[in-house]
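The values are calculated or read from the model by the stated rules, or taken from the named source; none is laboratory data. Being a predicted model, the structure only gives us computed values, none of them experimental. FYI the Cβ positions are ideal-geometry reconstructions off the backbone, even for glycines, and counts take in every protein chain you see.
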Amino acid sequence: MELNPYARSLAGRDPVPVLFATAERLRSITAPLSPEQLEHPPEPGKWCIREIVAHMADCEIAYSFRLRQTLAPAPGEPHCVIQTFDQDAWARNYAAYDLLSAVDLFRAARNWNLHLVSTLNEADRHRPATHPERGTMTLWTIVETMAGHDLHHLQQLERLTTEPLAE
């Protein structure tokens, strides 16, 4: 498995401008949509637009912890092992989340993470963390993964907003 499964989406771009732009892009993509568009899954078993945004908010929480874990491993540990999660298990609760709350949470958590990223020095960027499925990576790989994940889902959202709803 790749260290950053979203590297293709990032395509070598600087991740920081992507991270700064995502919350506004989420808002601009979703604000004009009707409730039907927000709730319509593209096909059975796939997430609707509201659920994709809820997933992005959940991931921002997970990334928040991963970044901080990497910067401050447990006492006596050379580096941390970051926690994985089952996105489908988390998604079972997405019916409880409305779009506005998901966008607001994403925006707040992302803002908090951007403040942290702005403090990183070169040594911090190279701090190691081990992902149980992907292997040992650097903190900066986590930042690049965040940006690639953003672009992946933003492209998905843009595609879903241009497709006609199935009858």
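Of the residues making up region 45-97, those that are over 18 Å from the mean Cα position of the chain (by Cα) and either among the basic types (Lys, Arg) or farther than 23 Å from LEU160 by Cβ (or both) are LEU71, ALA72, PRO73, ALA74, PRO75, GLY76, GLU77, PRO78, HIS79, CYS80, VAL81.
Only one of ALA129, ALA123 is buried (at least 20 other Cβ atoms within 10 Å of the Cβ), farther than 27 Å from ARG25 by Cα and either more than 13 Å from the chain's Cα centre (by Cα) or among the polar types (S, T, N, Q) (or both). Can you tell me which? First the steps, then the outcome.
Numbers: ALA123 fails: buried (at least 20 other Cβ atoms within 10 Å of the Cβ).
Answer to the selection: ALA129.
Grab the helices (runs of 4 or more DSSP H) fully contained in region 1-106, keeping just those with 3 or more residues being among the hydrophobic types (A, V, I, L, M, F, W, C).
15-30, 49-71, 87-91
Could you check region 123-151 and list, in sequence order, the residues that are assigned to a helix (DSSP H, G or I), of a type in the set (Val, Ile, Thr) and out of contact with any Pro (no Cβ under 7 Å at 6 or more places or on another chain)? Let's see the steps before the verdict.
Step one: filter region 123-151 for residues assigned to a helix (DSSP H, G or I), giving 123-125, 139-151.
With of a type in the set (Val, Ile, Thr) added as a condition, the list becomes 141-143, 145.
Passing the criteria: THR141, ILE142, THR145.
Mind telling me which of the residues ARG107, ARG127, ARG92 ends up being without any contact (Cβ under 8 Å) to a residue 12 or more places away in the chain and either of a type outside the set (Asp, Glu) or under 21 Å from HIS40 (Cα atoms) (or both)? Explain how you work it out, then say what you get.
Numbers: ARG107 fails: without any contact (Cβ under 8 Å) to a residue 12 or more places away in the chain; ARG127 fails: without any contact (Cβ under 8 Å) to a residue 12 or more places away in the chain.
Matching residue, one of ARG107, ARG127, ARG92: ARG92.
A single entry from THR141, THR136 fulfils the requirement of being under 13 Å from LEU67 (Cα atoms) and of a type in the set (S, T, N, Q): THR141. The condition of being of a type in the set (A, V, I, L, M, F, W, C) and surrounded by fewer than 18 Cβ atoms within 10 Å (Cβ to Cβ) holds for only one of LEU100, LEU154, that being LEU100.
Check whether at least one residue in region 64-82 is more than 30 Å from PRO35 (Cβ to Cβ), surrounded by fewer than 19 Cβ atoms within 10 Å (Cβ to Cβ), at pLDDT below 95 and of a type in the set (D, E, K, R), and report yes or no. Checking region 64-82: at least one residue is more than 30 Å from PRO35 (Cβ to Cβ), surrounded by fewer than 19 Cβ atoms within 10 Å (Cβ to Cβ), at pLDDT below 95 and of a type in the set (D, E, K, R). The condition of being outside any helix (DSSP H, G or I) and of a type outside the set (D, E, K, R) holds for only one of LEU120, LEU154, that being LEU120.
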